[in-house]
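Bear in mind that the values in this text are calculations on the coordinates, not laboratory data. Given the structure is predicted, the values throughout are model-derived calculations rather than measurements. We place every Cβ from the backbone using ideal geometry, glycine too, and count neighbours over all the protein chains shown.
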Amino acid sequence: MESPAARDIVLVGDIVEDGPSRETIFDWDNPTWPEVEQVRAWILSGGRKAEVISSVRQFASEAERYQGRIVLPLWRGGESRSRTAIVPAICEALDLTYIGADAYAQAACQDKSLSKHLLRAAGIDCALDIVVHSDESGSEALERCRKLQFPVVVKPLYSACSIGVEDASFCEQPGPAMDRAKQLFEQGLGPVIIEPFLRGEEISLCVIESEGEIDLRCISVFRDERGECPFAERLLTMSEKISADRRWMIGCRHTDLGDRLWERVRQLIRFLGPVGPLRVDGRICGGRFVAIELTPDIHLGLDSPFLGAFGAAGISPASIIDAMIRSAPANRIGHGRRGGLSLGATARYGRRLTGKE
């Protein structure tokens, strides 16, 4: 990957104050000022200038000013299901270079059920799920829920940062699962996805893509004081994620999972198109990786699975940010690389679903 000429960076997000509370539940997914200033410092250490736009609305109103710069979208919060796609879409409309997945890939990954179709098409295992689109679904949703393998996890279809994931999200019977779904709708967190709880080590496949290939990769893990995964038999809840009293840390898994899995991640990237940084979150079940969700809207805090794992692997945050920046121009020239399933891949996937392959 060739290094482009140094260009200034524009950090864009609805930035919130740090602290033990937020104005809305969705603000837990927004970047805080300390996090943004740290990212800015890493950019400056690489010899680039960085400007912070602390409101997506402000960026939308003056985006044409940023021609010739590289936009780093930090906005992950807000109630809209399209929230992670908004800044990339503005950039695409104005032909601005930006870092990360485009509007299509952001929207596809935000839907935790839809994204599993892309994962399966790439040959990556996923658990079955159901989606409850309305709190009035009633008996019909309950009957679909009964067909799942229990226990299950009940969580918002679109939210990130484990918003809506608490101890009550772990349900061992269909009745409590539907009760939890109703609670999430009452909190404004619907639609809801219900999927089997996967027992096993929770990990993330972390990559930085450039020109359709994996430029950097590592495997993020959680470790307690005994060096074990604390979530192998339980959920990582939002309350635990934001707790100031964490009893675990982020590490890097030094035992690889084999070239075949990484080749499937490459295939996934070809379906999605340019993504830059990407996490494939899942668990090790019976010795195999089973994916749960895709995360292209990367949290860039030091305590995040992405930066934390690369840091444990000996790669500095400044180097990771630089790799993300260097991937952007190659991905965006003419927006020429559109992802998506080819006709042949779609046919093969259809045969796999019907068991006729």
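Comparing SER113, SER220, SER319 in a Gaussian network model of the chain (Cα springs below 10 Å), the most mobile by mean-square fluctuation is SER319.
Placing dummy labels 7 Å off each Cα toward the beta-carbon, the span from GLU140 to ASP281 is 2.9 nm.
Over region 130-196, the fraction of Cα-Cα pairs per 10 Å bin, rounded to whole percents and listed from the shortest bin up, is 25, 62, 13, 0.
Distance between the modelled labels on MET249 and GLN58, one decimal in nanometres: 3.7 nm (7 Å Cα→Cβ projection). With a Cα-only, solvent-free Debye model of region 9-100, what are the log10 I(q)/I(0) values at q = 0.15, 0.18 Å⁻¹? Taking Cα atoms of region 9-100 as identical point scatterers yields -0.56, -0.79. Looking at region 130-195, none of the chymotrypsin sites (Phe, Trp or Tyr not before Pro) sits in a DSSP loop with at most 12 other Cβ atoms within 10 Å of its own Cβ. For the chain, the relative contact order is 18 percent, taking Cα pairs closer than 8 Å that sit 6 or more residues apart in sequence and dividing their mean separation by the residue count.
Highest GNM mean-square fluctuation, the chain, Cα pairs closer than 10 Å: which of ALA93, ALA103, ALA168? Answer for the Gaussian network model of the chain: ALA93. Taken about its Cα centre, region 9-100 carries a charge dipole of about 280 debye when Lys and Arg each add +1 at the Cβ and Asp and Glu each add -1 at the Cβ.
Oblate is the label for region 57-146, because a/c, from the alpha-carbon gyration tensor with a ≥ b ≥ c as root eigenvalues, is 1.5 or above and a/b does not exceed b/c. With 21 Å as the limit on Cα-Cα distance, the pairs of LYS112/LYS182; LYS116/LYS155; LYS112/LYS155; LYS155/LYS182; LYS147/LYS241 that go past it are LYS147/LYS241.
The share of alpha-carbon pairs in the chain lying farther apart than 25 Å comes to 53%. Toward the positive end of the charge dipole of region 28-81, with +1 on the Cβ of Lys and Arg and -1 on the Cβ of Asp and Glu, the farthest Cα among GLN67, VAL52, TRP33 is that of GLN67.
DSSP bridge analysis restricted to the chain gives an antiparallel fraction near 75%, rounded to the nearest 5.
In what order do VAL154, VAL71 fall by count of nearby beta-carbon atoms within 10 Å, going from fewest to most? Before the final figure, lay out each step's value.
Numbers: VAL154 27, VAL71 24.
Least crowded to most crowded, the residues run VAL71, VAL154.
Cβ-to-Cβ counts within 10 Å put ASP259, ASP303, ASP215 in ascending order as ASP259, ASP303, ASP215, the fewest first.
Ordering ILE321, ALA89, LEU128 by Cα displacement along the dipole of the chain toward the positive end leaves LEU128 in first place; charges were set at the Cβ atoms of Lys, Arg (+1) and Asp, Glu (-1).
Charge dipole (Cα centre; +1 on Lys/Arg Cβ, -1 on Asp/Glu Cβ; no other charges) of the chain amounts to roughly 1200 debye.
Going from the fewest other Cβ atoms within 10 Å to the most, the residues LEU118, LEU278, LEU94 appear in the order LEU94, LEU118, LEU278. Hey, in the GNM for the chain with a 10 angstrom Cα cutoff, which one of SER55, SER204, SER169 fluctuates hardest? For the chain, modelled as a Gaussian network with Cα springs under 10 Å, the answer is SER55.
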